Amino acid sequence: MSYPDALYLGDKGEITGRLHLADTAPPDLLIGGRTRVHYLATGASTGGQYGLYRWEMGAEPSGGGPHFHRTFSESFFVLNGTVSLYNGESWASGSPGDFLHVPPGGIHAFRNSDGPATMLVLFAPGAPREGYFEELAEIVASGRQLSEEEWTDLYGRHDQYMV
């Protein structure tokens, strides 16, 4: 393994860092009043290198069912609470500090079965996941019921394949 091709070719570096203070930033998205999503670094803001999101789940169980992606990996890092993590074969209770990495094509899922929990979710390379999250939030907020074909279309547009 070697380093990738240089993305920055300047000699002196630049002041471009962005500090995100957790205590002062409201969530970027609420999904059904149960899940607060913070867009820490979107695929667009990182030039497509990765997307990083803080996923705060409330007391009511929530999470995604078993699925896979074709174009990006997904990783989960538990910050607090307990997150049930599925690696495609079995479920495990993830505690603070636990980490699950799933390469493209890997079946995975997550759920907060035991109360409030927070995790970081990393997509690499960066994908426009915000559109998917925002569609889900709109569906939940409106109470709209999707047909199986509509769900398949939604998932297909966002590289999400349910199993």
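The values are calculated or read from the model by the stated rules, or taken from the named source; none is laboratory data. Keep in mind that what you see is a predicted model, and the values were worked out from it rather than measured. Cβ sites come from the backbone with ideal geometry, for glycine too, and all protein chains shown count toward neighbours. Protein only, heavy atoms only, side chains kept; ligands, DNA and RNA dropped before computing areas. Shrake-Rupley method; radii C 1.70, N 1.55, O 1.52, S 1.80 Å.
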Connecting every pair of Cα atoms under 10 Å apart in the chain and solving the GNM, the largest mean-square fluctuation among His67, His20, His101 falls on His20
Between the alpha carbon centres of the range 121-161 and the range 71-112 the gap in Å comes to 19 Å
The relative contact order of the chain, taking Cα pairs under 8 Å that sit 6 or more residues apart, comes to a percentage of 26 percent
Cα-Cα pairs in the range 100-163 separated by more than 18 Å, as a whole percent of all pairs, come to 51 percent
Sorted by accessible surface (1.4 Å probe, heavy atoms of the protein chains only), largest first, Met162, Met1 come out as Met1, Met162
Here the alpha-carbon Rg of the range 36-163 over 2.2 N^0.38 Å rounds to 1.01
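Which length gain, in nm to one decimal place, applies between Thr16 and Thr152 when the Cα-Cα distance is subtracted from 0.36 nm times their residue separation? Write down the numbers at each step before the final one.
On the way: separation 136, 0.36 × 136 = 48.96 nm, distance 3.95 nm.
Between Thr16 and Thr152, full extension yields an extra 45.0 nm.
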For Asp28 the rounded accessible area (nearest 10 Å², probe 1.4 Å, non-protein molecules ignored) is 90 Å²
Of all trypsin sites (Lys or Arg not before Pro) in the range 77-163, the ones in DSSP coil with at most 16 other Cβ atoms within 10 Å are Arg144
Over the chain, the sum of -39500 (n - 2.57) across DSSP H runs of at least four, divided by residue number and rounded to 500 deg cm²/dmol, gives at 222 nm -4500 deg cm²/dmol
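So, R0 is 22 Å and r is the distance between the beta-carbons of Asp28 and Ser113; what FRET efficiency does that work out to, to 0.05? Before the final figure, lay out the partial values.
On the way: r = 25 Å, r/R0 = 1.14.
With R0 = 22 Å, the Cβ-Cβ based efficiency is 0.30.
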Each label sits 7 Å from Cα toward the beta-carbon; between Ala92 and Arg144 the label points are separated, in nm, by 3.8 nm
The range 50-158 accessible area per residue, 1.4 Å probe, protein heavy atoms, integer Å², reads 49 Å²
Magnitude of the Cβ-charge dipole (Lys and Arg +1, Asp and Glu -1) of the chain about the Cα centre, nearest 20 debye, reported as 260 debye
If the chain between Phe99 and Arg70 were fully extended at 0.36 nm per residue, the gain over the current Cα-Cα distance would be 8.4 nm
For the Glu60, Ala137 Cβ pair and Förster radius 22 Å, calculated FRET efficiency rounded to 0.05 is 0.90
Rounded to the nearest 10 degrees, the helix 129-142 long axis (Cα) sits at an angle to the longest Cα principal axis of the chain of 30 degrees
With DSSP loop assignment and no more than 15 other C-beta atoms within 10 Å, the GluC sites (Glu not before Pro) in the range 80-163 are Glu89
At R0 = 22 Å the Cβ-Cβ FRET efficiency linking Tyr3 and Ser45, nearest 0.05, sits at 0.45
